[in-house]
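Values quoted throughout were computed directly from the atomic coordinates according to the rules given, and no laboratory measurement underlies them. Since this is a predicted model, take the numbers as computed values, not measurements. Note that each Cβ is placed from the backbone with ideal geometry, even for glycine, and that neighbours are counted across all protein chains shown.
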Amino acid sequence: MSTLQNSLQQIIDKHYPDSNVEVTLTRTTPEHGDFATNVAMQLTKLVGKNPREIAEDVAVSLRQHKDIAVVEIAGPGFINIRITDAALLAMLSSEPTQSLVGKKILVEYSDPNPFKPLHAGHLYTTLVGDSIARLVQQAGAETIRLNFGGDVGRHVGISMWAIIRSLGGENLHALDSILEQDRPTWLGQRYVEGTTAFEVDEKAKAEIIEINKKVYALHDSNDHDSDFAKIYWTCRDWSYTYFDKLYNELGVVPFDRYIPESEVTPLGLATVKEQLASGVYAQSDGAVVFLGEPFGLHTRVFINSEGLPTYEAKDVGLSLTKWQDYHFDSSIIITANEQMQYMQTVLKSIEQFAPEPANRTIHLTHGVVKLQGGVKMSSRKGNIVSAMDIINEARAAGAASGIAANESTVMAAIKYAFLKQRMGGDIIYDPQESISMAGNSGPYLQYAHARARSILQKSSLTAAQLKDIDASERALAIKISEYNEVVVRAQIEYMPHHICTYLYELTQTFNRFYENEQVIGSEREAVRCSLLDIYANTLKQGLGLLGIDAPERM
């Protein structure tokens, strides 16, 4: 479509050189052709001519184009275009435009905190981040996958207080009794206990504040030898081991780098103190804050009254670390919607002294993830929907259905259920719906691919070169030809749901074709098998961008 759009743009620029109108082509319904444009209506006010008259002038030139079969004028001045079969078939062998060649793009996602449960929101950011990274990499960008996690901060102090209390003191050997499969749950329970104590017990709160300082101090001194440090490092490793195991189960592309908060905290703290002297930050009741109100934002604390850095200061350190280490063209960050205003304020503060990393950062957000009929997550209260809850519910639904007997299908169910929804709104995960073979689901698309491969295996004919196609074949070819445009749109908007919507529509178009037309044994078997092979390859490529396997058989 880009070639045709460029040709139309050249015609407009030639006929109306001073109009500065940007031509757009859209897909249209079969009865109106293949593509349509409203450029004549855009031009009418600029050139003072009737839009149909403009459309007729443009149509004369379009009809000379070798790739155009029919040009018709409709309504007030729409230009409907039907391309030649040869042009259509050429589109099937083209690749999506690699618009990001030469660009370096960081994609930061997942971001679970050690010492805390990994909840369904982390699962969502892991899967959508993996797909977005695949999209920008497919567009030709040097893609660097980053994972940022809070291994220091109040939540760690809370957990360490409860861990030491549970062990009966700084008793490292007591950790040996906790089985590996129980460690994530055990750590989550300690976090809930510590949070409760922090909120209701003043003595415990004071102890937690001191332990929090102790955690920062062990990083400052690089302490790995004290009993306290050994407990800390052991439990931190438990978390990271669990995260790696989960990522492996999910089949996401491995991260290029884990960046713990402890690594960037010193830079963030030093920078905030330095910029305090420069007037970017201000003192307030013993704390250091950024006054966001002059920028239409709100005030946030970057160093608390105890002299400890907050999340905000750590994000300053993270942003500057990314810039120093990568000098990126874009840095994509994926978080929950509730972090939107927080991140706006942090980036606005960074913009005052380091505008490049701030202005090159793209913040994408998503809603709350719930199980069907579930409650909103709160890790501090212990009533979270964990990542494993989602996975186990999908496994149980698959086992109950008698259909999904392998992990590939379970993961397809979860990934597609998350990715098919436009990022931004809340996500209600329905395990039974996600695993169904009868609806808009990941397993259904896997089955569609396997079914196409099965049909192809039944043919003994050599695939024929696609030169001529009939009306039914053309309808399928037209839908296949949309793939590149959809991929580019998903890349530009960082929205994988466009891929999901297209793949489901593509399978529906094929189903209509297959219901009405014979493939194996027909006079056009070789041609139709060639088209079917392109269809299956398109499905596989699209599923790959979603991180979903495309099995040969099911």
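Here is how the numbers come out for the structure above:
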{"read-out": "Over the stretch 406-545: Rg over Rh, Cα atoms, Kirkwood Rh", "value": "1.00"}
{"read-out": "Under-5 Å amide H pairs with Ile362, H placed in peptide plane, nonlocal only", "value": "Ser331, Ile332, Ile333"}
{"read-out": "Degrees, to the nearest 10: 120-138 long Cα axis against longest axis of the chain", "value": "50 degrees"}
{"read-out": "For the stretch 104-370: rounded, prolate or oblate by the Cα gyration tensor [a/c cutoff 1.5]", "value": "oblate"}
{"read-out": "FRET E, pair Ala399, Leu179, Förster distance 25 Å, beta-carbon r, rounded to 0.05", "value": "0.50"}
{"read-out": "Unit charges at the beta carbon, dipole of the stretch 104-370: most positive-side option, Leu218, Ser278, Phe255", "value": "Phe255"}
{"read-out": "Alpha-carbon centroids, the stretch 390-460 and the stretch 68-132: separation in whole Å", "value": "21 Å"}
{"read-out": "Rounded tilt (10° steps) of 183-200 against the dominant C-alpha axis of the chain", "value": "60 degrees"}
{"read-out": "Calculated FRET value between Val253 and Glu202, using beta carbons and R₀ = 60 Å, to 0.05", "value": "0.80"}
{"read-out": "FRET efficiency, Leu172 to Glu407 (Cβ-Cβ, R0 41 Å, nearest 0.05)", "value": "0.70"}
{"read-out": "Degrees separating the helix 340-351 axis from the principal Cα axis of the chain, which is the longest one", "value": "80 degrees"}
{"read-out": "Potential lengthening between Glu22 and Met340 on full extension [0.36 nm per residue; Cα-Cα distance subtracted]", "value": "111.2 nm"}
{"read-out": "Estimated distance in nm for a label pair at Asp237 and Glu142, the labels positioned 7 Å out from Cα along Cα-to-Cβ", "value": "3.4 nm"}
{"read-out": "Simple Cβ-charge dipole of the stretch 191-314, Lys/Arg +1 and Asp/Glu -1, about Cα centre, in debye nearest 20", "value": "220 debye"}
{"read-out": "Cut-off under 5 Å, modelled amide H: who pairs with Phe115 long-range", "value": "Ser239"}
{"read-out": "Difference of contour (0.36 nm per residue) and Cα-Cα distance, Glu72 to Gln5", "value": "22.5 nm"}
{"read-out": "Chain lengthening between Thr29 and Ser99 when straightened (0.36 nm per residue, less Cα-Cα)", "value": "22.4 nm"}
{"read-out": "Amide H contacts under 5 Å for Leu371, placed H, 5+ residues apart", "value": "Tyr429"}
{"read-out": "The chain - charge dipole about Cα centre, Lys and Arg +1 at Cβ, Asp and Glu -1, debye rounded to 20", "value": "700 debye"}
{"read-out": "Nearby lysines by direct alpha-carbon distance to Lys230 (threshold 27 angstrom, same-chain neighbours under 8 apart not counted)", "value": "Lys116, Lys203, Lys205, Lys213, Lys214, Lys245, Lys314"}
{"read-out": "Sum of -39500 (n - 2.57) over DSSP H runs of 4+, divided by residues of the chain (222 nm, nearest 500)", "value": "-17500 deg cm²/dmol"}
{"read-out": "Within the stretch 396-540: Cβ-based charge dipole about Cα centre, in debye rounded to nearest 20 (Lys, Arg +1; Asp, Glu -1)", "value": "200 debye"}
{"read-out": "Cα-based equivalent ellipsoid, the chain: semi-axes from gyration tensor eigenvalues, Å", "value": "52, 32, 17"}
{"read-out": "Rounded, prolate or oblate (a/c below 1.5 giving rounded, otherwise prolate when a/b exceeds b/c) for the stretch 211-342 by Cα gyration tensor", "value": "oblate"}
